[in-house]
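What follows is a short report on a single structure.
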Amino acid sequence: MTVSYLNSTGVGEAVVPQALLGRYGILNPWIEDLMAMVANPQGDKTSFLAGRAVVIECQDRSACRQILPQVAQMAGMRYLAPKEEEVSQWLYGQVTLISEEDEGIPTLAYIPIECFIKTSKKSSKNEFEWNVPTWLEFTQSIEELNQKTPLVIVTAGERFLDVSEELRAAQGFDRYFTIPKATPTERAQEFIEEVGIEHLDKSITQYPEKVGMLMNMRFPDKRRLGLLVMAIKRLTARSKELVSYKDLVRLAARGTGERTFRPHTHEKNRYRTAVHEAGHVLIAIVDSGGENVPDYVSILRGEGFLGLTLEAYEYHYQQIDCDEYRVGRHSVRLALGGRAAEEIILGIEQIGTSGLRSDLEEVSSIARGFFAVHGVCANMEGEKYTGTNLAAIVNSESASEAAHIESLMRQFIERQYRYVLEMVKLNRELLDRIIAILLAREEIYQDDLRPLLSGLIKGV
C-alpha cells in the first residue's frame, strides 16, 4: 500500500515518516501519544492516555492492518502480530506474548477482533469459537505484560460496537479511531500507484472519479484490489498496449479469474438474452435522461449468468451519498427493463424465468426498504400528500406490518413495471438498434452506445 507522509526525516538508509496524510491522518494524535509513552515507559499517565487497548474502525481491515507496522515504526515501537494459538494461550493465561529477549522493548501488538466480539447469551464462546475474556481477565493480562514491557494492544474491524460491551470500558478498549471510507479519487490514485502510471492510458489517468467508483463498487477492499492489480500486470506483460478504461470495465464485469465466456448454444436463447440486456440498457438511458449510458453490456454466458449489463460508473459517482427517491426508483425501473423488453418483443409466453430472479430480488429489496423504513408511499408521483406511510418498522415487524409492507411493495412494483413497459414501447426504435448491435458484437461498451442515441430518446 502506498501511503503519503508529511515531514519525513531520513534515518540511515530508511525513511521514518513523522505524520500520516489523507484518511489515516486521524491516527497522528495516537502516534504522538505512543511516542510519549516510549520516551517515558514507566510513566503510568502517558501509558494510560495512549490507550492500553485500541480499536481501529475501518471498512477495509486488510488496508488498516498494513498501516499498523508504519504506526509502530513512527512511534519507535516494535510491531507484533502473534499467531492465533499464541493469542489464545495468552488470553487464557498460559503463555506470555513477549519473549524474554524482547522484554523492555515497547511493543504494538495486533490481535484479531474476532477474539473480542461479543458472545451470545446462550454460549460462553462467540461465533468464531473464541472464549471472549472478561474485562478483569483482559486488563490483568495487559497489566502483567506492562510490568516489564510497554505494550499496546490494537485491533481493527468494521464496527467498534462489535467488541464485547464489557471490554469497551476504561483500561480495556477505551480508545478507538474511525478511518473514513476512501473516496473514489483516493481509490483511483491507489490503483494507479500500484500498477504504475506508465502502463495506463488517459482514459484511466484523466478520469479518477469514475475509475475510483469502479474500484469502490467492484474491488472494494485491499484483497480484491490486489487481485485486480495482478490481473492488470499480467495483461501488460502480454501486450505492449497501455491499459484502458475498457480493460478495467471488462475485468469488473468478468472478474479477475481467467475463464472462458461462450456464446449461447441455441440462437433462440442468444436472441432472448440480447433482448433482455437491451431492455436494461434502454431503461438505464431513457429513465436517467441519457446520464446513465452503461459502461459494458455482454450477451456471452458466464458462471451463473446468461448476460450482463454494467451501469455507468460516472453516473454512480454523480449519485454518491444521494438517497433521493428518484435514484432508488431508477434502480427499480432499470432492473425491470429486461423483463419488459422480453414481454414487448417476444410475447408473454416467451418471457424467460430463471434469468429474472436476480432482477426481481433487487427490485423487492429496494421496495421493501422504501416502505418498511423510508416512509415512501405506494404512488409517490401521483400523490399531493405523501404522509400515508410514515410509520417505520422498529426492531422486528408484526404480522400486520409485514402484510401492509407486502401490499405496498406489490402495488409499487406493478406501477413501475407498467411505466417501464410504456417506455419500452415508446423507444422501440432505439431498443431494436441496441439489440442489433449486441447480436452483431456480443460485447459492447459505452462508446458503442452513444452514437445510437441522437434524437431517439422519448419520455413517457
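The values are calculated or read from the model by the stated rules, or taken from the named source; none is laboratory data. Not measured: the values here are computed from a predicted model. Neighbour counts are summed over all protein chains in view; Cβ atoms, including those assigned to glycine, are modelled from backbone coordinates with ideal geometry. These accessible areas exclude ligands, DNA and RNA; they are computed on the full protein's heavy atoms, side chains included. Shrake-Rupley method; radii C 1.70, N 1.55, O 1.52, S 1.80 Å.
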Debye sum, Cα scatterers, the range 192-313, no solvent: what log₁₀ I/I(0) at q = 0.10, 0.15 1/Å?
-> -0.36, -0.77
Calculated FRET value between L439 and K181, using beta carbons and R₀ = 35 Å, to 0.05 = 0.30
Rounded to one decimal in nm, the spacing of the 7 Å Cα→Cβ label points at V38 and E429 is 7.1 nm
Give, rounded to the nearest 20 debye, the magnitude of the charge dipole that the range 177-332 has about its Cα centre when Lys and Arg contribute +1 at Cβ and Asp and Glu contribute -1 at Cβ.
-> 820 debye
Relative packing of peptides 426-433, 64-71 - highest average C-beta neighbours within 10 Å first | 64-71, 426-433
Taking the mean number of other Cβ atoms within 10 Å as a proxy for protection, how do you rank 75-81, 191-197, 105-111 from highest to lowest?
-> 105-111, 75-81, 191-197
Indicate, rounded to the nearest 5 percent, the antiparallel portion of the DSSP beta bridges found entirely in the chain.
-> 45 percent
What span do the alpha-carbon atoms of the chain cover on each of the three principal axes, reported in whole Å from largest to smallest?
-> 79, 63, 42
E100 versus A81, label points 7 Å from Cα toward the beta carbon: distance in nm?
-> 2.9 nm
Which FRET efficiency value, to the nearest 0.05, do you get for K240 and E362 by plugging their Cβ-Cβ distance into 1/(1 + (r/R0)^6) with R0 = 51 Å?
-> 0.80
Distance between Cα centroids, the range 149-215 to the range 38-98: provide it in whole Å.
-> 18 Å
The percentage of the accessible area of the chain (probe 1.4 Å, all protein chains present) made up of carbon and sulfur atoms, to the nearest whole number, is 48 percent
Per residue, accessible area of the chain with a 1.4 Å probe, heavy atoms of protein chains only, in Å², comes to 51 Å²
Can you find, among N395, T205, W135, the residue farthest towards the positive end of the dipole of the chain? Put +1 on the C-beta of Lys and Arg, -1 on that of Asp and Glu.
-> T205
Using eta = 1.567 mPa s and T = 4 °C, Stokes-Einstein with Kirkwood Rh from Cα pairs puts D for the range 139-228, in µm² s⁻¹, at 79 µm²/s
Farthest towards the positive end of the dipole of the chain, among I413, L27, C58 and with Cβ unit charges of +1 on Lys and Arg and -1 on Asp and Glu, lies the Cα of I413
Say the cut-off is 19 Å between C-alpha atoms; which of K118/K181; K202/K246; K210/K246; K118/K222 go over it?
-> K118/K181; K118/K222
In deg cm²/dmol and to the nearest 500, what is the mean residue ellipticity at 222 nm of the chain if only DSSP H runs of at least 4 residues count, each as -39500 (n - 2.57), divided by the residue total?
-> -15000 deg cm²/dmol
Positive dipole terminus of the chain, leading residue within T155, Y79, I320 (C-beta point charges) | I320
The size of the Cβ-based charge dipole (Lys, Arg +1; Asp, Glu -1) of the chain about the Cα centre, to the nearest 20 debye, is 1300 debye
Over the range 240-279, what lengths in whole Å, largest first, do the semi-axes of the equivalent ellipsoid take, defined as the square roots of 5 times the eigenvalues of the alpha-carbon gyration tensor?
-> 26, 13, 9
Place a point 7 Å from the Cα of E144 in the direction of its beta carbon; the residues of the range 57-98 whose amide N falls under 17 Å from it are 85-98
Mean separation of Cα contacts under 8 Å (6+ apart) over length of the chain, as relative contact order % = 12 percent
Descending packing, highest mean Cβ count within 10 Å first, for 288-300, 249-261 is 288-300, 249-261
What do you get for Rg/Rh over the range 73-143 if you use C-alpha atoms and the Kirkwood form of Rh?
-> 1.01
Computed magnitude of the charge dipole of the range 314-455 (debye, nearest 20; Cβ of K, R +1, Cβ of D, E -1) | 360 debye
Per-pair calculated FRET efficiency, R0 = 25 Å: A170 and Y92 via Cβ, rounded to 0.05 = 0.60
Between L49 and E422, what is the label-to-label distance in nm when each label sits 7 Å out along the Cα-to-Cβ direction?
-> 6.8 nm
Stokes-Einstein at 4 °C, 1.567 mPa s, Kirkwood radius from Cα pairs: D for the range 257-404 in µm² s⁻¹?
-> 75 µm²/s
Across all Cα atoms of the range 119-160, Rg and the largest Cα-Cα distance (Dmax), in Å, are 13.1, 38
